[in-house]
1. I'm trying to understand the selection: among the residues of region 1-29, which are at pLDDT below 95 and assigned to a helix (DSSP H, G or I)?
2. Take Arg38 and decide whether it is in contact (Cβ under 8 Å) with a residue 12 or more places away in the chain, of a type outside the set (A, V, I, L, M, F, W, C) and surrounded by fewer than 19 Cβ atoms within 10 Å (Cβ to Cβ).
3. Can you pull out every residue in region 21-32 that is surrounded by 14 or more Cβ atoms within 10 Å (Cβ to Cβ) and of a type outside the set (Lys, Arg)?
4. Looking only at region 69-79, which residues are surrounded by fewer than 17 Cβ atoms within 10 Å (Cβ to Cβ) and within 10 Å of Arg38 (Cα to Cα)?
5. Can you tell me which residue in region 50-66 is modelled with the lowest pLDDT, limited to those that are open to solvent by 60 Å² or more (accessible area, probe 1.4 Å) and either part of a helix (DSSP H, G or I) or in contact with a Phe, Trp or Tyr (Cβ under 7 Å, 6 or more places away or on another chain) (or both)?
6. What number of residues within region 67-84 satisfy the criterion of being in a loop (DSSP other than H, G, I, E, B), within 20 Å of Arg27 (Cβ to Cβ) and under 14 Å from the mean Cα position of the chain (by Cα)?
Amino acid sequence: MTVTDEETADRPDNLAMIRGVGEAYKRRLYGVGSYTWRQVAESDIETLRRITRAKPNADINAWRTPARELAEHYHRWPTPFRGPLE
């Protein structure tokens, strides 16, 4: 899946693009107002685990670096999207 700056203007980031974050985790993150790759990259591991109700074997720590890389690659680091989803 490719994302362009134009496609993501005024929209949440597709958190499912982070390896290990599927649609269920994405919906749970959106549900608590975590809409951007930056928010995931800056969240602590325990918060992410609690929000997503991730299984004990889920490598939550591995989400943060790819989230940062996606935000930087797509120039989404300063993205102010706070919701709500439509």
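The values are calculated or read from the model by the stated rules, or taken from the named source; none is laboratory data. The shown structure was predicted, so the numbers you read here are calculated from the model rather than taken from an experiment. Methodologically, a virtual Cβ is constructed for each residue, glycine included, from the backbone with ideal geometry; neighbour enumeration extends over all protein chains shown. Areas reflect the complete protein model, heavy atoms only, side chains present, ligands, DNA and RNA absent. Shrake-Rupley method; radii C 1.70, N 1.55, O 1.52, S 1.80 Å.
1. Asp5, Glu6, Glu7, Thr8
2. It is false that Arg38 is in contact (Cβ under 8 Å) with a residue 12 or more places away in the chain, of a type outside the set (A, V, I, L, M, F, W, C) and surrounded by fewer than 19 Cβ atoms within 10 Å (Cβ to Cβ).
3. Residues satisfying the conditions are Val21, Tyr25, Leu29, Tyr30.
4. Matches in region 69-79: Glu69, Glu72, Trp77, Pro78.
5. Here the answer is Asn61.
6. Qualifying residue count, region 67-84: 5.
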